[in-house]
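Each value in this text was obtained by applying a stated rule to the coordinates, not by laboratory testing. Computed from a predicted structure; not experimentally measured. FYI the Cβ positions are ideal-geometry reconstructions off the backbone, even for glycines, and counts take in every protein chain you see.
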Amino acid sequence: MAEFSAADAVAAGTDFADLKCGPEGLVWNEFRPADGACRLWHWQRQQARCLTPDGFSVRSRVYEYGGGSFCLSDDGVVFVNESDQQVYTQRLDGSAPQPLSHEPEHRYGDLHWHDGMVLAVEESAGSPVRHRLVRFADGQRQVLVEGADFYAAPTLSEDGQRLAWIEWDRPEQPWTRTRLMSQARSADGTWAPAVCVAGGGSQPGCPAAGRDGLSLDANPAHSDGLTPSPVSADLGAAQSLQQPRFDGAGRLWALSDLNGFWQPWGEIDGQWQAVQALPADHAGAPWQLGACTWLPLEGEGFLAAWFDNGFGCLGIQRAGHAPHPLAEGYSRFRCLAADAEAVYAVAASPSQLPTVLRIARVDGAVQVLAGGASSLAAERISPPQPISYPSGEATAHGFFYPALNGEGPSPLLVFVHGGPTSACHPALDPRIQYWTQRGFAVADLNYRGSTGYGRAYRQALHLRWGEIDVEDACAAVAHLAERGLIDQNKAFIRGGSAGGYTTLCALAFSSVFRAGASLYGVSDPQALAKATHKFEGDYLDWLIGDPERDAERYRQRTPLLHAADIEVPVIFFQGELDAVVVPEQTRAMLAALEANGIEAEGHFYAGERHGFRQARHLAHALEAEWAFYCRVLAQ
């Protein structure tokens, strides 16, 4: 049987985003590694066709991570073109895209269409970088909202009389504290002053600390199919809000983590209240714009995805009932959409690659519209096994993938996800299968600080980055070794971005691993804080502390300053255009190891940013990492 090659793993990396449905059918954004481009596909009458012509790629780079790169209009699509970051319109008849914006010094994302206008988050170039909410209508650009440091998720009610959005100010991140804002249109067509609906604490106009926002109806039956939660909460406390939605009656809804998990809240009986929902995160950290993991359904409650022990679930929640599950064979759901006949999602499972699903509302029948195919037979796929294990005085989580070849305890490769406020998911990942095919077991970790396990678990990383994540990585090796599943003397660690930082810290501050791989990883947090972009400009203060006041803590957790403590080989991979972790960081760490006589290897890729997209580079990195570990094992 042919070997599952690096090229095979990369070719299987097709993914989808920003799924939208309307009267003219379904549209999704599809990324294919073969050329690194993102293209819109239109599905209608059981057929899909590509809308995006050569020379265009649909991708936003607002906040560097983008998202919300297109929306549907009355007769077509509106999208952000990757190369110039401008907004274009395109009809569904296959005609050429036409420019809507003419602002070369700005980027756009999180697009939203309403009655002939396009709402967007705007990011200016230069210094200082500024963010606003703007609209394009009648060929003109108009600033709608400005003054906050960051904006997300602009949306209008169906009648156009209310505007809502999420905003936050430095030094907060969108997963620590945000505000849900709303603005009503006056009788003369002008906009009334903005009102803070939830979040913000002492922010003027926001709900005051100590105010109980719950006023429960004695009769739990609501015409909207939603029931207020009996859990009381302080609306003025720190909370992260995301994904605001208006229903057909003009009422506002959003996800809030005020009760410990990202759950639905809304305007019920005239007050802002928690909705009856499972005690689980109904979203991940909003690194990208345009996320959709829940939707109110008219008269039927809400459609939502949520996490259960790290596994994704999808269902419809109706008042007084347990959630009605949908597409139960899948383990990750995102990009939800719905119409009268079906709900739609980008989904994946332990045996299926990302796919676009149509799920009939009448009987739950599942139809695959795109993606999902794998070149690996079922018997050649290593399935994820959830693990929860002791680490320090806490419990950490992750997924274990057994090696498929060899006998006895196998070598282990620990995967550390980026973020670090992010998560790994138990869905078919060709990169992981590449290693299990070669006799490596893989531990894909959701260390403390990851999302999907509630706010307290996520906040555990506060001021402890480079400490508890490393502790969790080392504890995973011990846990798996105690169970006889791996050879702890053949443990390796790898990670990208923030995961690269954890990797380097683990190599410098422990003796658990034989070698490691840092993919565009952080080696000097203080240098990162000075050079990185605005969105993450204060992130290091939250993760480690104030660079001046906590200088000693930075010194203790800076791999570059402890390069002499790394005594095992390290391989580095870096994009030359990376604006998050600049190439100079990786070169400095590589040079420090080489100066100490440590085997170190570096690969730098022209044209790549933060995270590689070109197929030849992705395949080369996998092959080089594999060859590197083989040399180490042979020593």
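Here are the numbers for this structure:
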item: For the stretch 42-83 and the stretch 546-581, distance of Cα centres in Å; result: 37 Å
item: Where a label projected 7 Å from the Cα of Ala249 along Cα→Cβ would reach, residues of the stretch 132-166 with amide N under 14 Å; result: none
item: The chain: calculated mean residue ellipticity at 222 nm from DSSP helix runs of at least 4, using -39500 (n - 2.57); result: -4500 deg cm²/dmol
item: Relative contact order for the stretch 383-634, counting Cα pairs under 8 Å that sit 6 or more residues apart, in percent; result: 16 percent
item: The stretch 258-303 - convex hull of alpha carbons, volume per residue in Å³; result: 99 Å³
item: Selection of GluC sites (Glu not before Pro), the stretch 97-130, meeting DSSP coil and at most 15 other Cβ within 10 Å; result: Glu105
item: Distance in nm between pseudo-label sites at Glu482 and Ala606 (7 Å out along the Cβ direction from Cα); result: 5.2 nm
item: Sequence-separation-based contact order of the stretch 330-451, relative, with Cα cut under 8 Å and 6+ spacing, percent; result: 23 percent
item: Derived scalar couplings ³J(HN,Hα) [the stretch 166-182; Karplus, 6.51 cos²θ - 1.76 cosθ + 1.60; whole Hz; x for Gly, Pro]; result: 10, 9, 7, 10, 5, x, 5, 10, x, 9, 10, 7, 9, 10, 9, 10, 9
item: Viscosity 0.692 mPa s, temperature 37 °C, Stokes-Einstein D of the stretch 1-122 from Kirkwood C-alpha radius, µm²/s; result: 218 µm²/s
item: Of the GluC sites (Glu not before Pro) in the stretch 253-336, those whose Cβ has at most 12 other Cβ within 10 Å and which sit in DSSP loop; result: Glu328
item: Local net charge near Trp626, Cβ-Cβ under 12 Å (Lys/Arg +1, Asp/Glu -1); result: +1
item: Histogram of C-alpha separations across the stretch 504-635, 5 Å bin width, %; result: 2, 11, 19, 21, 20, 15, 8, 3, 1, 0
item: Cα-based convex hull, the stretch 383-634, per residue volume (Å³, whole number); result: 118 Å³
item: In Hz, Karplus ³J(HN,Hα) per residue of the stretch 56-63 (6.51, -1.76, 1.60; θ = phi - 60°; x = Gly, Pro); result: 10, 9, 8, 7, 8, 10, 4, 6
item: Computed FRET value (nearest 0.05) for Ala624 with Ser186, which takes r as the C-beta separation and R₀ as 60 Å; result: 0.45
item: Contour excess over end-to-end distance, with Cα ends at Asp339 and Asp84 and 0.36 nm allotted per residue; result: 88.5 nm
item: Long-range HN-HN contacts of Cys292 with modeled amide H, under 5 Å; result: Cys335, Leu336
item: Contact order relative to length of the stretch 500-574, as percent, for alpha carbon pairs under 8 angstrom and 6 or more apart; result: 45 percent
item: Extension gain, Gln47 back to Ala34 (0.36 nm per residue minus Cα-Cα distance, nm); result: 2.4 nm
item: J(HN,Hα) series, the stretch 595-610, from Karplus relation 6.51 cos²θ - 1.76 cosθ + 1.60, nearest Hz, glycine and proline x; result: 5, 8, x, 8, 4, 9, 9, x, 10, 10, 10, 5, x, 9, 9, 7
item: Sorted peptide list for 600-608, 431-439, criterion being average Cβ within 10 angstrom, highest first; result: 431-439, 600-608
item: Full-stretch length increase - Ala595, Asp138 - with 0.36 nm per residue and alpha-carbon distance subtracted; result: 158.4 nm
item: Burial ranking of peptide ranges 481-487, 448-454 (average Cβ count within 10 Å, highest at the top); result: 448-454, 481-487
